[in-house]
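Here's the structure we're looking at; comments come further down.
Nothing in this text is a laboratory measurement; each read-out follows from the coordinates by a stated rule. Small disclaimer: the values here were computed from a predicted structure and weren't measured. All Cβ positions, even for glycine, are placed from backbone atoms using ideal geometry, and neighbour counts span all protein chains on display.
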Ligand SMILES: Nc1ncnc2c1ncn2[C@@H]1O[C@H](COP(=O)(O)OP(=O)(O)OP(=O)(O)O)[C@@H](O)[C@H]1O
Ligand SMILES: [Mg+2]
């Protein structure tokens, strides 16, 4: 990826909706063939940023080039060359798999004969060929997403913009979907996606963490994790609040992250700390379900970054 060709180049992109800043001066570059993930909480601006790059929305200020074309001056060229799978992709549920693909071929003005050939290729690629005559509405969630991806691929785009393509899809189908993304990457397609799943971010070449319209950190998953020097102690208990209080009473500056049904405690000397934690909890008669030392994951890294940058998370 060293002598890479930049295919997405955004500079200070800015978009607001009647006073709400959705995308705040975002600059980034993406190279050809990268899988680039955008992660961040609800309302961070991920979809808006993608829509700006796909020329569905125009920015208020800033600029961007996609495959060398200017998003303001050359939107038609960009739309011809990129595929966009929106967060709520609409399939025609009462049309068959094949008819949905035909519809997209028609939108992209693909001549009939070529469309037929492309349809066969896309169905083979997504392994949906056995279902070509099935109505889209009767497909499983994972298959619907594969069909949505297939529709997006009909005009052979060089860049794919996927907005939360696997949200709500079961883990096995998600893995299958990712296999398709890796196959596309191997053919040189660039993939830019928004995802709520950190395991998807971990499979990407680079990850940008977006918060309140800004990209507050961008790196490879490996570099993100190695930049995090400390280890983590996972604590599970039915009494998380009490456990947190008891620990903060002893160590007021202890870094504790609320993480779903567990606490994640960031510490330099984890083995010694772990021993002391179990003593403190025992003394306070707080029952423990689990207490173990683990490596940080991307979520730990992002929460830490938020705290360092004073984005006021817990
Ligand atoms: N068309 C619109 N009109 C008004 N406000 C909008 C519009 N689109 C987005 N917003 C606002 O802009 C902000 C960013 O929204 P956006 O959908 O880009 O975030 P997101 O990161 O994709 O969130 P999610 O994870 O929920 O999909 C939010 O505050 C949202 O309410
Ligand atoms: Mg979104």
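A few comments on the model shown:
- Under 16 Å from a label point set 7 Å out along the Cα-to-Cβ vector of residue 197, the amide N atoms of segment 281-313 belong to 298-299.
- Relative contact order of segment 6-225: 30 percent, from C-alpha pairs under 8 Å at least 6 residues apart in sequence.
- In this rough spin-label picture, where each label sits 7 Å from Cα along the Cβ direction, the residue 4-residue 113 distance is 4.0 nm.
- Longest to shortest principal axis, alpha-carbon extents of segment 1-101, angstrom: 42, 40, 28
- FRET efficiency for the residue 242 to residue 134 pair, using the beta carbon distance and R₀ = 51 Å, is estimated at 0.45.
- Mean residue ellipticity, 222 nm, helices only, the chain: the sum of -39500 (n - 2.57) across DSSP H runs of n ≥ 4, divided by residue count and rounded to 500, is -11000 deg cm²/dmol.
- As a ratio to 2.2 N^0.38 Å, the alpha-carbon radius of gyration computed for segment 34-175 takes the value 1.09.
- Rounded to the nearest 10 degrees, the angle from helix 270-283 to the longest Cα principal axis of the chain is 60 degrees.
- Length gained on full extension, residue 187 to residue 76, computed as 0.36 nm times the residue gap minus the Cα-Cα distance: 37.6 nm.
- Both radii come from the Cα set of the chain: Rg as radius of gyration, Rh as Kirkwood radius; their ratio Rg/Rh reads 1.05.
- The alpha carbons of segment 238-301 stretch over 32, 24, 20 Å along the principal axes, in descending order.
- Relative to the longest principal axis of the Cα atoms of the chain, the long axis of helix 141-153 lies at roughly 50 degrees.
- Against the chain, whose longest principal axis comes from its Cα atoms, helix 97-107 is set at around 70 degrees.
- For the chain, DSSP calls about 70 percent of its internal beta bridges antiparallel.
- Residue order for 88, 309, 15, fewest other beta carbons within 10 angstrom first, comes to 88, 309, 15.
- Over every Cα atom in segment 135-262, the radius of gyration and the widest Cα-Cα span, Dmax, amount to 19.5, 61 Å.
- Sites residue 253 and residue 88, calculated FRET efficiency, Cβ-Cβ separation with R0 41 Å, nearest 0.05: 0.40
- A full extension of the chain between residue 261 and residue 127 corresponds to an added length of 44.5 nm, given 0.36 nm per residue minus the alpha carbon distance.
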